[in-house]
Amino acid sequence: MRYCYFLLVIFSGCFFQADAQGVRKTESFDAHWKFFLGDNQEAKEVAFNDSKWRNLDLPHDWSIEGRFDAKNPTTQAEGGLPAGMGWYRKHFTIPISAKSKKVFIDFDGIYHNSEVWVNGHYLGKRPNGYISFRYDLSRYLKFGKHENIIAVRVDNADQPNSRWYTGSGIYRNVWLVTTSKTYLTHWGTYITTPRIDEKSAEVAVDMAIHQPLPAKGKWSVQTVVYDASGRLVAQKKSLVNAFNDTLTTFKQSLQVINPKLWSVTNPYLYKVVVKLLENRKQVDDYTSFAGIRYFNFDADKGFTLNGKPMKILGVCMHHDQGALGAAVNIRAMERQLQILKAMGCNAIRTSHNSPAPEFLDLCDRMGFLVMDEAFDMWKKKKSKFDYHQDWDKWHVKDLQDQVLRDRNHQSIFAWSIGNEIREQFDSTGISIGRELVSIVKQLDKTRPVTSALSEADLKKNFIYQSGALDLVGLNYHQEVYADFQKNYPGQKFIGTENMSALATRGHYDMPSDSIRRWPKDGKTPLRDGNPDFTVSAYDNVSAYWGSTHEKTWKIIKKYDFLSGLFVWTGFDYIGEPTPYLWPARSSYFGIVDLAGFPKDVYYMYQSEWSAKPVLHLFPHWNWKPGQTVDVWAYYNNADEVEAYLNGKSLGIRKKMGDDLHVMWRVKYEPGILRAVSRKNGEIVLSTEIITAGEPYRIKLEADRSYIKGDGKDLSFITVSVLDKDNHLVPNANQLIKFKVSGAGILKAVDNGSQTDMDAFVANEHHVFNGLGLAIIQSTPQSGKIVVSATADGLQSATISIESHR
């Protein structure tokens with residue numbers, strides 16, 4: 001099964017200005033909206049007075065602005081944040097020059113049940129909160145100085161409708177697109193490479209052209225490919241002989257000589273420009289970035305990328321961005337991916353819905369493979385008001401639109417048609433499974449299709465029995481992996497969801513080598529957990545259906561035919577706080593906590609998945625005198641690790657067999673805990689943890705000191721509570737108050753705790769286990785941003801950030 005193709009990447013955040021000839025113009029439509037939380041049917045009318053409504057810019061998630069409350073109908077599964085209904089309105093003008101053109105509005109995503117009106121005319125409804133869609137505004141617009149009004153009603157009141165936090169509102173970007181009357185259709189350009197070798201790549205361009213009849217003039221299409229340095233590497237111009245219908249399809253074929261292949265370590269991008277010309281005059285264009293590569297799944301050898309064996313080292317990710325909620329921010333997504341990239345992660349599963357276009361752009365540019373997933377349920381519900389209500393009417397259109405929108409992203413290597421779908425257990429899984437795979441294959445034959453299956457018994461799994469899946473995607477059931485070839489003869493494996501291990505950053509329970517299943521089964525609530533709703537950060541706790549991180553990774557690592565896995569999850573997310581009941585309100589599954597602070601197991605993966613030298617020693621070193629403490633170390637690139645307490649050796653430890661960590665059981669005494677890794681007797685790395693004193697001062701550290709003054713860019717400031725000797729105080733929980741002045745605002749605050757009831761949108765927040773987070777957003781201007789943090793009994797701190805237009 002060899003997949004060979006050339007991918008066209010559309011960077012949604014880019015602004016392509018029209019030239020003097022009046023070609024395509026795509027502009028952000030995010031600024032200057034009015035918002036009202038509640039329902040008012042009169043708001044769709046042009047004459048409605050919205051002067052008292054809140055002014056804001058998109059993207060916007062109103063749920064994240066609320067407070068956690070067990071009484072909210074979203075329930076604990078969605079984090080207990082408010083939902084409800086909301087209205088958005090925007091007043092805008094369109095230039096006279098657009099009167100002879102087509103004008104569209106593109107919504108990247110609205111959660112959910114959106115309805116849209118322009119100048120009082122109803123444009124339509126879209127129930128799916130994750131899908132992108134377009135409306136044609138042309139026939140209803142006024143031009144010149146005349147004002148237009150667009151109104152959007154968002155109904156997220158039907159709760160509960162999800163198993164995790166969704167957010168509410170127009171939470172993704174909006175675009176205004178102006179084209180000529182004849183234009184390249186939305187998502188209609190599709191680029192593949194039927195043949196790739198070291199000398200050349202054949203580039204096949206399929207496009208769809210909308211042309212009002214009768215067609216006049218001489219029409220042609222020109223495609224130009226540039227390399228990353230801007231050098232022209234391929235071009236072709238072809239005549240369009242005839243327009244027989246308002247929609248005409250057209251094909252071109254080009255050759256790229258000596259192609260540079262896209263990979264997870266070298267995500268090389270070309271630039272592709274497709275031009276539509278009438279009598280040699282350009283009337284429309286389609287500009288993008290692109291990558292060339294091929295891959296293969298083999299039943300015996302696993303996965304190869306560009307002919308080289310590679311394990312898929314993936315994580316599952318929900319769409320929220322922690323304290324920012326669901327509102328799309330490119331820098332917030334980039335930060336998450338940077339943290340995962342540094343760990344050695346090379347793949348993302350977009351669980352369990354279509355992601356933001358910008359997320360895929362980042363994966364293309366940063367070198368991540370993506371499993372693009374469509375549905376968490378089909379006709380059978382998982383929540384009372386979830387997508388099952390809209391399945392019959394909308395699933396074909398939604399799946400088609402997802403594939404059409406995303407198929408030109410080189411990061412995507414597989415489609416998933418569902419997650420733990422309940423139709424696995426009855427015969428409708430056969431017919432629906434075949435239908436969905438057929439829909440995907442009609443639009444994209446270059447990638448395999450899978451479904452994340454939670455039933456490993458072939459005789460019981462009707463989606464598997466459909467015979468439609470290219471890959472067997474298994475959620476958990478690590479006990480069957482070693483015998484996969486025997487039980488699934490000739491099939492190709494991918495671990496679509498794995499582990500479900502649990503941890504609270506910075507919390508440790510002894511002993512560390514006793515495995516705990518929290519909860520123990522699906523019927524018995526956890527009764528013997530920790531009173532403070534924490535979970536030990538040693539890798540020894542998981543949900544009953546999963547395993548520790550080490551257990552499943554050892555199996556995947558061992559066998560070539562196991563192509564890879566997706567850990568549940570890369571980051572903690574809002575909602576689904578297994579194993580606890582309220583007041584737990586966000587998940588414990590992440591390798592990284594909600595605020596973006598790595599948990600200890602992050603370094604196990606880094607030691608296994610990356611070439612970076614690693615020596616990570618934990619836990620903290622503030623305990624009761626004489627207490628027995630288990631000391632762990634993750635390491636690589638070394639033969640052994642020796643630990644010392646106050647200068648006295650605790651002994652040398654070596655990983656034996658398939659061990660992934662080493663351990664010492666130590667009687668605690670305050671002081672310095674030190675570890676040294678060695679290879680062939682030479683020191684590779686050393687690290688130490690020092691007993692901290694009483695909290696004394698605040699430290700602020702920005703991930704970036706220079707940001708764009710565009711009203712969107714972010715600086716993430718880590719807040720640490722230190723003692724007099726500048727050591728982190730591991731149990732500090734002070735309330736930190738923030739002030740921001742200058743060219744920025746305090747966008748949100750967090751600390752990574754799964755149970756903290758402090759609001760994310762606030763001017764103060766507690767630290768948790770010594771750490772907190774302040775997220776600073778620029779305003780649309782240049783200047784200095786000054787952030788100060790104070791707390792009772794602590795020395796304050798101030799930091800400056802420069803914002804530049």
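The values are calculated or read from the model by the stated rules, or taken from the named source; none is laboratory data. Remember, it's a predicted structure, so these values are computed and weren't measured experimentally. Cβ: placed from backbone, ideal geometry, glycine included. Neighbour counts: every protein chain shown. Just so you know, the surface numbers come from the protein's heavy atoms only, side chains and all, with ligands and any DNA or RNA stripped out. Shrake-Rupley method; radii C 1.70, N 1.55, O 1.52, S 1.80 Å.
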Take Lys747 and tell me if it is in a strand (DSSP E or B), open to solvent by 40 Å² or more (accessible area, probe 1.4 Å) and of a type in the set (D, E, K, R). yes
Of all residues in segment 651-688 being in contact with a Lys or Arg (Cβ under 8 Å, 6 or more places away or on another chain) and not hydrophobic (A, V, I, L, M, F, W, C), the one that is farthest from Tyr605 (Cα to Cα): Tyr668
Considering only segment 242-275, state which residues are charged (D, E, K, R) and touching a residue at least 40 places away in the same chain (Cβ under 8 Å). Lys251, Lys271, Lys275
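Limited to segment 255-282, what total is found for residues that are assigned to a strand (DSSP E or B) and under 28 Å from Glu358 (Cβ atoms)? Full working, then the answer.
Pass one, segment 255-282, residues assigned to a strand (DSSP E or B): 255-257, 261, 270-278, 281-282.
The next check asks that each one be under 28 Å from Glu358 (Cβ atoms); those that pass are 256, 261, 270-276, 282.
Summing the residues that are assigned to a strand (DSSP E or B) and under 28 Å from Glu358 (Cβ atoms) in segment 255-282 gives 10.
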Any residue in segment 468-489 that is more than 26 Å from Lys554 (Cα to Cα) and surrounded by 13 or more Cβ atoms within 10 Å (Cβ to Cβ)? yes
For segment 633-689, how many residues meet the condition of being of a type in the set (Ser, Thr, Tyr) and either open to solvent by 60 Å² or more (accessible area, probe 1.4 Å) or under 30 Å from Ile556 (Cβ atoms) (or both)? 5
Quick one: Thr193 ticks every box in (1) modelled with pLDDT under 95; (2) exposed (fewer than 13 other Cβ atoms within 10 Å of the Cβ); (3) under 23 Å from Ile412 (Cα atoms) bar one, so which box is it? (2)
Which ones in segment 753-777 are open to solvent by less than 10 Å² (accessible area, probe 1.4 Å), part of a loop (DSSP other than H, G, I, E, B), under 29 Å from Lys708 (Cα atoms) and small (Gly, Ala, Ser)? Ala759
When you scan segment 93-127, how many residues do you find that are within 32 Å of the chain's Cα centre (by Cα) and either farther than 22 Å from Ser383 by Cα or aromatic (Phe, Trp, Tyr) (or both)? 13
If you go through segment 17-39 one residue at a time, how many are part of a loop (DSSP other than H, G, I, E, B), surrounded by fewer than 19 Cβ atoms within 10 Å (Cβ to Cβ) and at pLDDT 95 or above? 4
Every residue in segment 252-282 that is open to solvent by 20 Å² or more (accessible area, probe 1.4 Å), within 27 Å of Thr182 (Cα to Cα) and touching a strand residue (DSSP E or B) at 6+ places or on another chain (Cβ under 6 Å), please. Ser253, Lys271, Lys275, Glu278, Gln282
Ser132 fails exactly one of the following numbered conditions: (1) among the polar types (S, T, N, Q); (2) in contact with a Lys or Arg (Cβ under 6 Å, 6 or more places away or on another chain); (3) open to solvent by 20 Å² or more (accessible area, probe 1.4 Å). What is the number of that condition? (3)
Output the number of the condition that Ser383 fails; it satisfies all remaining conditions of (1) surrounded by fewer than 18 Cβ atoms within 10 Å (Cβ to Cβ); (2) outside any helix (DSSP H, G or I). (1)
Could you please let me know if Ile574 is at pLDDT 95 or above, surrounded by fewer than 22 Cβ atoms within 10 Å (Cβ to Cβ) and in contact with a Leu (Cβ under 9 Å, 6 or more places away or on another chain)? no
Among the residues of segment 328-340, is any assigned to a loop (DSSP other than H, G, I, E, B), open to solvent by 10 Å² or more (accessible area, probe 1.4 Å) and either more than 30 Å from Asp57 (Cβ to Cβ) or touching a helix residue (DSSP H, G or I) at 6+ places or on another chain (Cβ under 8 Å) (or both)? yes
